[in-house]
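Colleague: Before I ask anything, let me first share the structure, which is written out below as structure tokens.
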Amino acid sequence: MPTRPIMFVLTVLLLLLPAQVPAQDTQSEDIEAARSEMLKRWNVDGLVKPADVESKAKALLSRPLSEQADEELEDLAQQANAAANFVGFILEGYQQYYRDNYRYDFVQEKVAPFHDAYVVLSNRLKSYRNQAYFNLGKKAAERGDEITAFFFFRDAYRLSAFTDDEGDHKGMRYRAEIEMKKLLGLDGMGTFVYWR
């Protein structure tokens, strides 16, 4: 009967060995069909690279709102969303491994830096998307197209984190809510800022 130290070493070795993905039952999932479906869905503009999106976002969003064309903002929102999803496909593996090993602090400590780097990148890409939607809402409101403005603000609102941990805590969700309330004539209603 193995002693406790030997059992511990065996457990550690099993955790560190790469998990093998079992062969898929062709009736439960057709890998080729799934890949084909993903290609149909995501091959609109080819593979969208995060660095390209970040460069484009910084250049476009640094200009005055009047110099940000609607088409450019719509393209930025679409590309930032796609790039965030591509990063998310990698992040899913880290999240699953992290969840599977939640009892083992030493495993989580080793995985966390990689996991967290993907989370930060994904969130940054999503923030570009949300800013593009917000800016489209501002431009539509300036043109007097209130319904279009409302739904662009709604996209920025619903796709943003509900609370912002930084600065005055008045992040994108807060700002988009304020704009929707203005359009609806609800300026007098309060807006949640932060729980602290």
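The values are calculated or read from the model by the stated rules, or taken from the named source; none is laboratory data. Since the structure is predicted, the reported quantities are computational estimates derived from the model, not experimental observations. Virtual Cβ from ideal backbone geometry, glycine too; neighbours counted across all protein chains shown. Side chains included, ligands, DNA and RNA excluded: accessible areas come from the protein's heavy atoms. Shrake-Rupley method; radii C 1.70, N 1.55, O 1.52, S 1.80 Å.
Colleague: Hey, if you put +1 on the Cβ of every Lys and Arg and -1 on every Asp and Glu Cβ in region 46-184, which of 86, 53, 106 ends up farthest toward the positive end of that dipole?
Modeller: Checked the options; the winner is 106.
Colleague: Pairs 56/181; 56/126; 49/110: which are spaced more than 19 Å apart, C-alpha to C-alpha? Don't skip to the answer; put the middle values down first.
Modeller: Values: 56/181 31 Å; 56/126 14 Å; 49/110 26 Å.
In this structure, 56/181; 49/110 lie more than 19 Å apart at Cα.
Colleague: Separate question: Excluding ligands, DNA and RNA, what is the solvent-accessible area per residue of region 46-184 at a probe of 1.4 Å, expressed in Å²? Could you put the intermediate results ahead of the total?
Modeller: Working: 7840 Å² over 139 residues.
Ligands and nucleic acids excluded, the figure is 56 Å² per residue.
Colleague: Something else now. Let me make sure I get this right: for region 46-184, a, b and c are the square roots of the gyration tensor eigenvalues over alpha carbons, sorted descending. Under 1.5 in a/c it's rounded, otherwise prolate if a/b > b/c, else oblate. Which is it?
Modeller: Numbers: a/c = 2.74, a/b = 1.82, b/c = 1.51.
Judged from the Cα gyration tensor, region 46-184 comes out prolate (a/c at least 1.5, a/b above b/c).
Colleague: Would you list, by chain and number, the aspartates and glutamates whose Cα falls below 13 Å from the Cα of residue 58, excluding same-chain residues fewer than 8 positions away?
Modeller: 72
Colleague: Which order do the peptides 36-42, 149-155 take when ranked by the mean count of other beta-carbon atoms within 10 Å per residue, highest first?
Modeller: The densest-packed peptide leads the list: 149-155, 36-42.
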